[in-house]
Amino acid sequence: MYQSSATQRGHLPVAPRGESPISVIGAGIAGAWQALLFAQAGRAVTLHERSDAAMTQSTSYWAGGMLAPYCEAEVSEPLIVRLGIRSLGLWREHFPQTPFNGSLVVAHARDRADFERFARLTTGHRRLDAQGVSEIEPSLEGRFREGLFYAGEGHVEPRQILPELHARITAAGGTIKFNSEPDAEDIDGIVIDCRGLAARDTQRELRGVKGEIILIETDEVELSRPVRLIHPRWPLYVIPRGGNRFMLGATSIESGDNGVSVRSALELLGAAYAVHPAFAEARIVEFGSGLRPAYPDNLPRIAVDNDKIAVNGLYRHGFLLAPALAELTLSYVARGVIDNEVMQCA
Ligand SMILES: Cc1cc2nc3c(=O)[nH]c(=O)nc-3n(C[C@H](O)[C@H](O)[C@H](O)COP(=O)(O)OP(=O)(O)OC[C@H]3O[C@@H](n4cnc5c(N)ncnc54)[C@H](O)[C@@H]3O)c2cc1C
């Protein structure tokens, strides 16, 4: 079981409740992992989701699905790396078919200083020369003089893994209720609030950080792993999806609306073209965006108030952090373990 220097026992606002039923509200990536680990631990779990099984209203539907704790160290606190590395282990354990074939970071010559900065601020990589880049991604032959390869990272396809998680929850004995929007006050037992940005009604500090994406399709380029292009404004990336599709992402804009602007579309498409000119001939399949739920410090939080537990603020790391956060919540409910860095007790 996960332990760290920040983890300690003691001072519980409530005694762990051995048999209480667990209701999770919100079936995005945070709620799905909570429901899965509690159901697998033998608890009676009901997962409520206000939308239908397609989950198009959730932020998780729009995500890249990168499991990249080492790359994220460039812009994140050490807590993200710590929880992220633990989550990698849980993804491997529960979904051994997850592609763990790494991430590649590349830059054009004009962005060399930023590339070196990225290398300095991150660990877990090895430098590749031009030949090394083309050995792991043959489509990129001759495109980049060097790259950083993060061999330990993985990625999932959110639109596949969410239904898979939901099926696992049911297989483990849990119940999922779609089109269900209960009031937490009306529910007996322990309630785990994983409503993402919708929880702003009770958590005023939450804000949305818009991420725009474009899905394109071409058989002219093949990639095996996410490729991040160093860019002066945003970390832009291209993620291979099934069926010759590629997700281009993502902007990061302090905004509560979910439109896609012309400026963002130009930048995303420009980044794809900069990774490989053949992307210019690709077919545009979809534009879209999601609002990342974030607290002012951009760190995740598990807030405990008696039988009500809120798991939120997963910001740009929901897929990376959800398994570790679920493990922490389970440890708290089952054994009273508190992680001081993540948990707040009322
Ligand atoms: C463009 C983009 C790219 C991203 N890429 C990555 C990435 O590569 N890797 C990564 O780790 N993270 C990534 N993220 C971040 C990640 O998507 C979020 O951190 C994560 O989706 C947040 O998950 P959540 O479950 O908290 O919220 P959500 O996914 O929004 O789920 C909340 C759910 O609660 C439901 N709900 C709300 N209110 C109620 C109610 N009253 N009753 C019942 N249900 C309710 C909603 O319908 C929703 O389905 C990305 C985000 C964006 C926008």
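The values are calculated or read from the model by the stated rules, or taken from the named source; none is laboratory data. Everything numeric here is computed off the predicted structure, so don't read it as measured data. Heads up, the Cβs are rebuilt from the backbone with ideal geometry, glycines too, and the neighbour counts pull from every protein chain shown. When the accessible area is computed, the model is the full protein with side chains, heavy atoms only, and any ligands, DNA or RNA have been set aside. Shrake-Rupley method; radii C 1.70, N 1.55, O 1.52, S 1.80 Å.
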> If the range 116-168 were replaced by its equivalent ellipsoid, with semi-axes equal to the square roots of 5 times the Cα gyration tensor eigenvalues, what would those be, largest first, whole Å?
Replying inline: 30, 16, 8
> Using modelled amide H (1.01 Å from N, peptide plane; none on Pro or chain starts), what sits under 5 Å from the amide H of residue 237, excluding residues fewer than 5 places away?
Replying inline: 229, 249, 250
>> Just to be sure I follow the definition: excluding the sites themselves, where is the longest run in the chain that has none of the GluC sites (Glu not before Pro) in a DSSP loop with at most 14 other Cβ atoms within 10 Å?
In response: 223-346
> If each of residue 179 and residue 57 carries a label point 7 Å out from its Cα toward its Cβ, how far apart are those two points in nm?
Replying inline: 1.2 nm
> Once the other residues with Cβ under 10 Å from the Cβ of residue 118 are scored (Lys, Arg +1; Asp, Glu -1), what is the net sum?
Replying inline: -1
>> On C-alpha positions alone, give me the angle between the axis of helix 78-94 and the longest principal axis of the chain, in degrees, nearest 10.
In response: 80 degrees
> P(r) for the range 86-146: what percent of alpha-carbon pairs falls in each 5 Å bin, starting at zero?
Replying inline: 4, 15, 21, 18, 16, 13, 9, 3, 0
> For the chain, what ratio Rg/Rh do Cα atoms give with a Kirkwood hydrodynamic radius?
Replying inline: 0.98
> Which of 178, 38, 246 moves most in a GNM of the chain, Cα contacts under 10 Å?
Replying inline: 178
> Where does the chain land at 222 nm, in deg cm²/dmol rounded to the nearest 500, when only DSSP H runs of n ≥ 4 count, each adding -39500 (n - 2.57), divided by all residues?
Replying inline: -8500 deg cm²/dmol
> Leaving out ligands, DNA and RNA, what percent of the accessible area of the range 72-139 is carbon and sulfur, probe 1.4 Å?
Replying inline: 51 percent
>> Looking at the chain as a GNM with Cα springs under 10 Å, which of 315, 332, 237 has the largest mean-square fluctuation?
In response: 332
> Sorting 210, 308, 177 by accessible area (1.4 Å probe), largest first, what list results?
Replying inline: 177, 308, 210
> What does the charge add up to near residue 174, with Lys and Arg as +1, Asp and Glu as -1, over the other residues with Cβ less than 12 Å from its Cβ?
Replying inline: +3
> Once Rh for the range 163-316 is found with the Kirkwood sum over Cα pairs, what is the Stokes-Einstein diffusion coefficient at 10 °C and 1.306 mPa s, in µm²/s?
Replying inline: 88 µm²/s
